[in-house]
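Written below as structure tokens is the structure these notes are about.
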Amino acid sequence: MLGRLNHVAIAVADAEKAAKIYGTAFGAEISATVPLPEHGVITVFATLPNTKIEFIQPLGEDSPITKFVERNPDGGIHHICYEVPDILAARDKLMSEGARVLGDGTPKIGAHGKPVLFLHPKDFSGALVEIEQS
Ligand code: CO
């Protein structure tokens, strides 16, 4: 059920500034800057041949990444996102194996207009995992 690596997310204070170096130094294609109020982040993507890098910046008072950016003022790797063919089937299977899904378990629409869920880092070797419907 585990599909492609969709993206690696890096949390920073200024997503546009962080993405810029990928555009200038690496020559990567940089997306528009998109606020996602439902997720409490502003996103900018750098597109690579085999995956994407997602730069996320806190948005609003209750952003889930505010503390992370405070602890990592220079930025840091925040989560990795895998594609799954059926997000509800993946959620149910993961939960039946004991993995914890963050929030109420209902997928939210992510940066690519597809349903996403986040999984507890303690169940995945210390890495916050996002799954996205492929
Ligand atoms: Co993500």
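The values are calculated or read from the model by the stated rules, or taken from the named source; none is laboratory data. No experiment lies behind these values; they were computed from the predicted model shown. Counting neighbours? That spans all protein chains shown, and the Cβs are built from the backbone with ideal geometry, glycine included.
Observations, loosely collected:
- If the condition is being closer than 25 Å to Gln133 by Cβ, part of a helix (DSSP H, G or I) and free of Cβ contacts under 8 Å to residues at least 24 places away in the same chain, then the stretch 63-100 contributes Leu88, Asp92, Met95, Ser96.
- Odd one out for Lys93, checked against (1) modelled with pLDDT of 95 or more; (2) within 16 Å of the ligand (Cβ to nearest atom); (3) surrounded by fewer than 16 Cβ atoms within 10 Å (Cβ to Cβ): (2)
- Flag for Gly23 being in contact with a Ser or Thr (Cβ under 9 Å, 6 or more places away or on another chain) and small (Gly, Ala, Ser): no
- Of all the numbered requirements in (1) within 22 Å of Asp123 (Cβ to Cβ); (2) among the aromatic types (Phe, Trp, Tyr); (3) in contact with a helix residue (DSSP H, G or I) (Cβ under 8 Å, 6 or more places away or on another chain), Phe45 misses one, and that requirement is (1).
- Odd one out for Val69, checked against (1) over 18 Å from Leu36 (Cα atoms); (2) buried (at least 17 other Cβ atoms within 10 Å of the Cβ): (1)
- Hits in the stretch 1-31 (condition: closer than 22 Å to Pro64 by Cβ and not in a strand (DSSP E or B)): Val12, Ala13, Asp14, Ala15, Glu16, Lys17, Ala18, Ala19, Ser31
- Restricting the stretch 64-90 to residues that are β-branched (Val, Ile, Thr) and within 16 Å of the ligand (Cβ to nearest atom), the residue that is nearest to Phe26 (Cα to Cα): Ile77
- Yes/no for Gly98 being away from the ligand (no atom under 16 Å from the Cβ) and of a type in the set (Gly, Ala, Ser): yes
- Criterion applied to Glu29, Glu61 was being over 14 Å from the mean Cα position of the chain (by Cα), at pLDDT below 95 and either more than 16 Å from the ligand (Cβ to nearest atom) or surrounded by 13 or more Cβ atoms within 10 Å (Cβ to Cβ) (or both), and the one residue passing it is Glu61.
- Checked against (1) touching a residue at least 24 places away in the same chain (Cβ under 8 Å); (2) loosely packed, with under 13 Cβ neighbours inside 10 Å; (3) within 15 Å of the ligand (Cβ to nearest atom), Asn6 passes all but condition (2).
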